[in-house]
1. Non-local amide H neighbours of HIS349 (under 5 Å, H modeled in plane, Pro and chain starts lacking H): which ones?
2. Straight-line reach from LYS112: which lysines fall under 16 Å, measuring Cα to Cα and dropping same-chain residues less than 8 apart?
3. What net charge is computed for the residues neighbouring ALA385, neighbours being all others with C-beta under 14 Å from the C-beta of ALA385, Lys and Arg scored +1, Asp and Glu -1?
4. Cβ under 14 Å from LEU23's Cβ, LEU23 left aside: what net charge do those residues give with Lys, Arg +1 and Asp, Glu -1?
5. Enter the angle in degrees (range 0 to 90, nearest 10) between the Cα long axis of helix 166-186 and the first principal axis of the Cα atoms of the chain, meaning the one along which they spread out most.
6. Under a point spin-label approximation (7 Å from Cα along Cα-to-Cβ), what is the ARG372-ARG240 distance to one decimal in nm?
7. Round to the nearest 10 and report in Å² the accessible area of ILE341, as given by a 1.4 Å probe over the protein chains' heavy atoms.
8. With everything on Cα atoms, drop me the angle between helix 352-364 and the longest principal axis of the chain, reported from 0 to 90° to the nearest 10.
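The values are calculated or read from the model by the stated rules, or taken from the named source; none is laboratory data. All values reported here derive from a predicted model rather than from experimental measurement. Heads up, the Cβs are rebuilt from the backbone with ideal geometry, glycines too, and the neighbour counts pull from every protein chain shown. Areas reflect the complete protein model, heavy atoms only, side chains present, ligands, DNA and RNA absent. Shrake-Rupley method; radii C 1.70, N 1.55, O 1.52, S 1.80 Å.
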Amino acid sequence: MKLNMGTKITALRRQKGMTQEQLAAALGVSAPAVSKWETDSSYPDITLLCPLARALGTDVDNLLTFEEELSQEKLGRYMTEIIETARQGDLSGAEEQLNALLHRYPSDMSLKFSAIGALSFLEMNLDIGPGGDGGEAKGREDRFPRADYGMAAQVSCGGAGEQTGERDRQRFARQKKELARALHDDGNPAFYLSSVSMLISLALAEGEMEEAERLLKENLTNTADFTPLWVQFYLKKGERDQALGILQRQAYRLVSDLRVCLMYLMRKDLGLERDRVLEICGILEQMEDLFSVGDNSAGLFAEIYLREGEQEQALRYLERLVDQMTGQMAPPNPLVFSPAIAPGPEKLHWSRELKLAALQGLQRDACFDPLRKLERFQKIVRELADSLEASPQ
């Protein structure tokens with residue numbers, strides 16, 4: 001049991017169409033004070049309870065009511081009962097059960113999150129009809145296991161369908177939007193990203209492009225990947241080049257990040273066994289050959305093979321490194337990344353600084369000591385030094 005005064009004040013204020021500033025002015029307090037009440041950072045002074053209740057169109061008893069929150073066990077049991085009712089073909093009964101729960105526990109965010117999934121399940125079963133316990137219904141149930149109906153929150157919210165049930169679909173969509181908005185405004189990290197994705201999907205489905213764009217831009221710095229939603233947004237606007245560009249740039253970032261992760265997996269201090277390190281080395285080499293992303297890792301491969309006592313392999317990669325540094329680099333795979341990622345010719349040559357760093361590494365790093373007396377290694381160093389002398393200052 002807990003006091004949910006902040007949530008109640010927020011909900012009642014919005015129902016009245018009031019801003020925090022307007023409520024503050026009506027009570028003779030500051031807007032930050034109202035903000036603290038709504039986030040439960042502090043509570044109103046006892047002398048303000050009656051004026052606050054009148055301003056919000058309620059009474060003090062309602063403001064001070066302690067509300068029970070459902071345990072995860074209870075929530076799972078209630079959701080299972082609702083889904084079972086729907087599977088028996090009684091969609092209106094299932095909807096009544098769900099709304100009764102939401103009315104009884106108006107501040108339970110876990111319930112709101114699960115309710116979105118339950119509404120999506122009801123929506124998918126609109127056309128099955130009574131006794132819909134056949135293969136189609138079973139298949140849909142398998143996609144949303146009974147243990148977590150909240151995962152269905154990402155399901156598309158209907159759209160053009162048969163005339164039968166269209167009003168139900170619209171009602172479900174409205175309720176899902178209200179629930180997602182409540183989760184968004186609550187700001188609980190456990191539900192925030194899902195609620196944002198839901199609101200964007202709903203806005204796109206309803207053609208509310210300005211709202212979709214606002215939400216997408218609001219979350220530009222979020223760690224979640226909204227690429228699919230950006231693509232839907234641009235395609236809906238008929239801007240195919242923008243959709244293609246965002247996909248290609250995201251693909252480039254992901255491949256680059258994967259490359260870095262693979263390189264770190266080969267670190268000596270991680271202590272992976274020799275065969276595993278060499279396998280990862282091979283995977284990274286295949287990936288770089290396929291995508292042509294980032295500086296080629298031939299030098300890294302040489303160090304790893306040398307560390308594992310594979311001198312022949314190490315020399316092979318050092319020779320490959322010099323061939324690459326004295327020639328032209330391949331551009332990022334145009335099939336996947338062009339035209340969004342298409343560097344100019346000047347970007348496809350190794351810089352003098354990189355060549356110098358590579359040469360100094362070969363000459364000074366202790367890891368190459370076992371190779372220094374070999375003619376093959378000395379030839380590699382000479383070729384790189386000659387290339388550096390021929391490079392413009």
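1. Answer set, sorted by chain and number: MET329.
2. LYS8, LYS74, LYS176, LYS177
3. Summing Lys/Arg as +1 and Asp/Glu as -1 gives +2.
4. So the environment of LEU23 carries a net charge of +4.
5. With rounding to tens, the tilt is 70 degrees.
6. Taking the simple label geometry, ARG372 and ARG240 are separated by 6.1 nm.
7. Surface open to solvent at ILE341 totals about 40 Å².
8. Its long axis makes an angle of about 70 degrees.
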